[in-house]
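Comments concern the structure below.
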Amino acid sequence: MPSSAQSASPSPPARVLIAGCGYVGTALAATLVADGRQVFGLRRHPDTLPAGVVPVAADVTSRDSLAAALSGLPAPPDAVVYAVAASGFSDDAYRQAYVDGPANLLAALDAEGLAPARPARLVFVSSTGVYGDAEGGWVDEKTEPDPAGFSGAHLLAGERLVLGHAGRFTRGAVIVRFGGIYGPGRTRLIDEVRSGAARCTDGPPVWTNRIHRDDCAGSLAHLLDHAAPEPVYLGVDTEPADRCEVLCWIARRLGVPEPPREPASGTGRRRGTKRCSSALLQASGYRFLYPTFREGYAEMIDAAG
């Protein structure tokens, strides 16, 4: 029997606006549509959205474009997911996507005619890139962000902007920091192992933190509906893995030779120097479709034949 607190929980949002309906956003949109929600998919060219998604053509870097698009919706959204991806790996592209874009969205939501029906929750998709070098140690939501470059710095600035305006939403704002996203269509590691181009590196483990695309969509849908979420979650699967371990496992699954080992090149720090924990996301009630890389890559390899 549900507790009184559970029975008093607000209803899940019936209308959801997804700003940035790309690789993750379209998977989320399909999930929500299948659940009977009305979904508005906002992107510059919304001509390839899943069936049932209401297309919304707008550019998050243009405040006027966003305001016009939102004012033209057939009904105001109950919740908003900001899942925009940068158009390139440059300082300007990341600033536009993760600082200017959220600022423009917040302004558009406050525009005349929409503000009285303001969405109840905003979920902002960020990245574990806001953390710096943990020297192989564990990282969670209590770890102080320390971005090493412009990408993490702009992501963190966008997070702080969104959390600073959480009071505008009756059910607050939530930040989700995803690790490396893989899934259908993203077969780079499999291709490298199959072709023999993959290499393992001597030395300490090079930790990787990943999450399957469908778990990105699942966790976002879960947090949209959560009665009282925490302000920040790490979106990674249940097991950080040494990159070489992943490559060798893929090789065994494919039935090809394991990648050869080679000395580490250079004297600088290597990527993958942290292990991210999803304990808080799991404690919130989310259950992974692909708890580790094994389940996700096994399905991708089997599907390819």
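Pairs are defined by a Cβ separation below 9 Å, a sequence spacing of at least 6 or placement on different chains, a first member in segment 59-73 that is in contact (Cβ under 8 Å) with a residue 24 or more places away in the chain, and a second member that is of a type in the set (Ser, Thr, Tyr) and surrounded by fewer than 17 Cβ atoms within 10 Å (Cβ to Cβ); the pairs so defined are 61/87. Taken together, the residues in segment 142-164 that are surrounded by 17 or more Cβ atoms within 10 Å (Cβ to Cβ) and either part of a loop (DSSP other than H, G, I, E, B) or of a type in the set (Lys, Arg) (or both) amount to 3. Once segment 277-305 is narrowed to residues that are within 16 Å of the chain's Cα centre (by Cα) and polar (S, T, N, Q), the residue that is farthest from residue 193 (Cα to Cα) is 282. Return a yes/no flag: does segment 178-194 have any residue that is under 27 Å from residue 221 (Cβ atoms), in contact with a strand residue (DSSP E or B) (Cβ under 8 Å, 6 or more places away or on another chain) and β-branched (Val, Ile, Thr). Yes - at least one qualifying residue is present in segment 178-194. Would you call residue 94 modelled with pLDDT of 90 or more, surrounded by 15 or more Cβ atoms within 10 Å (Cβ to Cβ) and either of a type in the set (Gly, Ala, Ser) or in contact with a strand residue (DSSP E or B) (Cβ under 8 Å, 6 or more places away or on another chain) (or both)? Criteria not met by residue 94.
Residue 88 passes every criterion in (1) closer than 26 Å to residue 278 by Cα; (2) in a loop (DSSP other than H, G, I, E, B); (3) of a type outside the set (Lys, Arg) apart from (1).
So which of 41, 36 is in a loop (DSSP other than H, G, I, E, B), modelled with pLDDT of 95 or more and more than 18 Å from residue 173 (Cβ to Cβ)? Before you say what the answer is, go through the steps one by one.
On the way: 41 fails: in a loop (DSSP other than H, G, I, E, B).
Only one candidate passes the filter, namely 36.
The rows are residues; the columns are (1) of a type in the set (Lys, Arg); (2) more than 30 Å from residue 261 (Cα to Cα); (3) under 15 Å from the mean Cα position of the chain (by Cα).
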site	(1), (2), (3)
110	no, yes, no
119	no, yes, no
126	no, yes, yes
133	no, no, no
138	no, no, no
171	yes, yes, no
181	no, no, yes
184	no, no, no
187	no, no, no
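Scanning segment 271-305 for residues that are in a loop (DSSP other than H, G, I, E, B) and among the aromatic types (Phe, Trp, Tyr) yields 286, 288, 290.
The values are calculated or read from the model by the stated rules, or taken from the named source; none is laboratory data. Quick caveat, the model's predicted, so the values are computed rather than measured. Virtual Cβ from ideal backbone geometry, glycine too; neighbours counted across all protein chains shown.
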